[in-house]
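Worksheet: one structure, shown below.
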Amino acid sequence: MLPTPQWPSEDDGRRIYAELMSVSTLCAQNEFAVAYLQPVCDFLAREFSHTPEDVRHTAATEAVLNVIRHPERYDPTRLPIAAYLRMAARRDMLTLLARDGRRRAREIPLATVEEPSTGQNKRVEQADELVWSDPRIVAVVDSFTPSERITFELLRVGERQTHAYARALGWDEERPDLEVAVKRVKDRVKVRLVRAVGGRA
């Protein structure tokens with residue numbers, strides 16, 4: 001069962017942040033880290049359940065430490081500190097995934113990539129000997145739009161939940177065409193990879 005984040009109350013959050021801003025002593029920094037690191041880790045565990053725990057912990061730590069190092073960058077009049085940390089942690093998580101994807105693009109064999117089904121439910125599969133370091137693959141990955149890059153990273157780590165894609169892409173999870181929209185961007189990424197290695201569109 002995925003953990004449920006236990007966030008401090010908004011009042012406690014305002015108090016802890018105020019102390020961090022006013023004195024920023026080691027005690028205040030420790031209090032902030034103790035209050036928020038575990039909830040951020042639990043939040044990422046739910047949002048990126050297929051991502052290794054050490055990667056999630058790194059992203060959570062970065063989000064918390066960035067506030068400790070630069071508390072002035074957070075504006076408490078705009079949103080609660082917990083919401084700010086969720087946004088920052090998600091951004092740091094996607095940055096780590098993108099960085100890891102670029103590294104893997106030069107060393108991991110290209111697994112089977114399927115092209116979306118046509119009217120005849122036809123699939124195109126690529127040979128296992130192709131590798132991410134193939135210049136054609138590297139070029140297409142580097143040319144992805146931000147939304148395609150996010151989708152690619154989630155596909156690569158095996159994410160299957162429609163709402164996980166929606167959250168990562170910043171889409172409204174209540175939109176009626178959510179499943180269709182997510183499938184469309186996933187299919188677009190797959191088609192571009194297939195075409196890059198010579199598969200039929």
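The values are calculated or read from the model by the stated rules, or taken from the named source; none is laboratory data. Note that the structure is a prediction, hence the values are computed from the model and not measured. Here Cβ is always computed from backbone atoms with ideal geometry, including for glycine, and neighbour counts include all displayed protein chains.
So here's what we get for this one:
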{"quantity": "Some residue of the range 133-146 being modelled with pLDDT under 85, of a type in the set (Asp, Glu) and out of contact with any Phe, Trp or Tyr (no Cβ under 8 Å at 6 or more places or on another chain)", "calculated": "yes"}
{"quantity": "Number of the exception - Val124 against (1) at pLDDT below 50; (2) assigned by TED's automatic domain parsing to the domain that holds Tyr17", "calculated": "(2)"}
{"quantity": "Residue match in the range 58-77 (condition: at pLDDT below 85 and on the phi < 0 side of the Ramachandran plot)", "calculated": "no"}
{"quantity": "Odd one out for Leu2, checked against (1) under 25 Å from Ala166 (Cβ atoms); (2) at pLDDT 90 or above; (3) part of a loop (DSSP other than H, G, I, E, B)", "calculated": "(2)"}
{"quantity": "Number of the exception - Ser9 against (1) hydroxyl-bearing (Ser, Thr, Tyr); (2) exposed (fewer than 15 other Cβ atoms within 10 Å of the Cβ); (3) in contact with a helix residue (DSSP H, G or I) (Cβ under 8 Å, 6 or more places away or on another chain)", "calculated": "(3)"}
{"quantity": "Considering residues of the range 67-90 that are in a helix (DSSP H, G or I) and free of Cβ contacts under 8 Å to residues at least 24 places away in the same chain only, the residue surrounded by the most Cβ atoms within 10 Å (Cβ to Cβ)", "calculated": "Tyr84"}
{"quantity": "Filter result for Glu62 (over 24 Å from Leu96 (Cα atoms), part of a helix (DSSP H, G or I) and in contact (Cβ under 8 Å) with a residue 12 or more places away in the chain)", "calculated": "no"}
{"quantity": "Residue count for the range 16-51, restricted to those that are crowded, with 18+ Cβ neighbours inside 10 Å and not in a helix (DSSP H, G or I)", "calculated": "2"}
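Here is a yes/no grid of residues against (1) in a helix (DSSP H, G or I); (2) surrounded by fewer than 16 Cβ atoms within 10 Å (Cβ to Cβ); (3) touching a residue at least 24 places away in the same chain (Cβ under 8 Å); (4) not hydroxyl-bearing (Ser, Thr, Tyr):
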| position | (1), (2), (3), (4) |
| --- | --- |
| Ile150 | yes, no, yes, yes |
| Leu155 | yes, no, yes, yes |
| His163 | yes, yes, no, yes |
| Asp172 | no, yes, no, yes |
| Arg175 | no, yes, no, yes |
| Glu179 | yes, yes, no, yes |
| Arg184 | yes, yes, no, yes |
| Val191 | yes, no, yes, yes |
| Val194 | yes, no, yes, yes |
